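All remarks here apply to the structure that follows.
The values are calculated or read from the model by the stated rules, or taken from the named source; none is laboratory data. Here the structure is a predicted model, which is why all the values come from computation and not from measurement. No Cβ is skipped: glycine too gets one built from the backbone with ideal geometry, and neighbour counts run over all protein chains shown.
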Amino acid sequence: MKTVNHHFHSMRTVLTLWPSTIYLYKDEINDMTVDIIWGAATRITGITGFGLGGVFNTALQEGIHNRVINHYNGLGTLTINKSFVDLLPLAFDEIPNRTVLTFNVVFDQGAKEVQIIVLDRIIPPSISLTSLTINVQNMMDIQIHIIWNDGKQIDNITMQPFNTFAHPVDLKEGSEYTIVDHGDGTALLTIHSTILNLLPVPVIEIPDGSKIWINVGFDCGGSMICFSVVNTAS
């Protein structure tokens, strides 16, 4: 008989929107979807966007500017439609590069924010892999090659643990990852095997076939890496 880890179920009580930061390029305006962990909440009661020094301060209309799906299993999705740009006081092309637009999402119990960072027509950094199979019983450091293009640095790296209800974890430079800039437009990112210590259960209990998502946030854009777990002990 397998032991039920009650810590997993407690994760359902944590209201979460992930990712909480989205990069939106001026030459590629798309709908933007984030995952919801409802926690104690059951519905979104309103969303207000603000930014541009207070000039933008407007409520979104559900069905026009956003849509919400509740999967009724503790999870859901929130999509901010690209039509939200019609609410902005400036033409989208005129918004300054790296402008942060904050959307305050109010639930019937609690509130969270999603930030959209507007970027000029630039080429974001590219990475050498976006998916990888890892054996958690013999986890090795993972090396990822970066071509900076118009980027210059990594701002943050977060990990979404395999359990859908787990809260995203910020990785720390030095202990969980290192970055070596070669000075020629490329760099080497190493994600250390120590990231497994941040998961909510011992390594032996990580489900075989589960996914661990790594979100690399650059100063101009971001990349997602999916780790597919092999664990013969689970």
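Quick notes
- Any hit, segment 168-183, residues being free of Cβ contacts under 8 Å to residues at least 60 places away in the same chain and within 15 Å of VAL136 (Cα to Cα): no
- The condition (being assigned to a helix (DSSP H, G or I), surrounded by fewer than 19 Cβ atoms within 10 Å (Cβ to Cβ) and assigned by TED's automatic domain parsing to the domain that holds SER223) is satisfied by just one residue among GLN143, GLN137: GLN137.
- Selected residue (only one of THR13, THR45, THR3 is outside the structural domain of PRO200 (by TED's automatic domain parsing) and modelled with pLDDT of 90 or more): THR45
- Selection of segment 193-222 for residues being surrounded by 14 or more Cβ atoms within 10 Å (Cβ to Cβ), touching a Ser or Thr at 6+ places or on another chain (Cβ under 7 Å) and touching a residue at least 40 places away in the same chain (Cβ under 8 Å) yields GLU205, ILE206, LYS211, ASN215, VAL216, GLY217.
- Looking only at residues of segment 20-42 that are polar (S, T, N, Q) and either modelled with pLDDT of 95 or more or part of a strand (DSSP E or B) (or both), we find that the one that is surrounded by the fewest Cβ atoms within 10 Å (Cβ to Cβ) is THR42.
- Condition check for PHE103: in the same structural domain as TYR25 (by TED's automatic domain parsing), more than 16 Å from LEU17 (Cα to Cα) and in a strand (DSSP E or B): no
- TRP148 passes every criterion in (1) touching a residue at least 40 places away in the same chain (Cβ under 8 Å); (2) buried (at least 16 other Cβ atoms within 10 Å of the Cβ); (3) over 16 Å from the mean Cα position of the chain (by Cα) apart from (1).
Residue-wise test of (1) within 30 Å of ALA187 (Cβ to Cβ); (2) among the hydrophobic types (A, V, I, L, M, F, W, C); (3) at pLDDT below 95; (4) buried (at least 16 other Cβ atoms within 10 Å of the Cβ).
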residue: ASN81; (1), (2), (3), (4): no, no, no, yes
residue: PHE84; (1), (2), (3), (4): no, yes, no, yes
residue: PHE107; (1), (2), (3), (4): no, yes, no, yes
residue: VAL114; (1), (2), (3), (4): yes, yes, no, yes
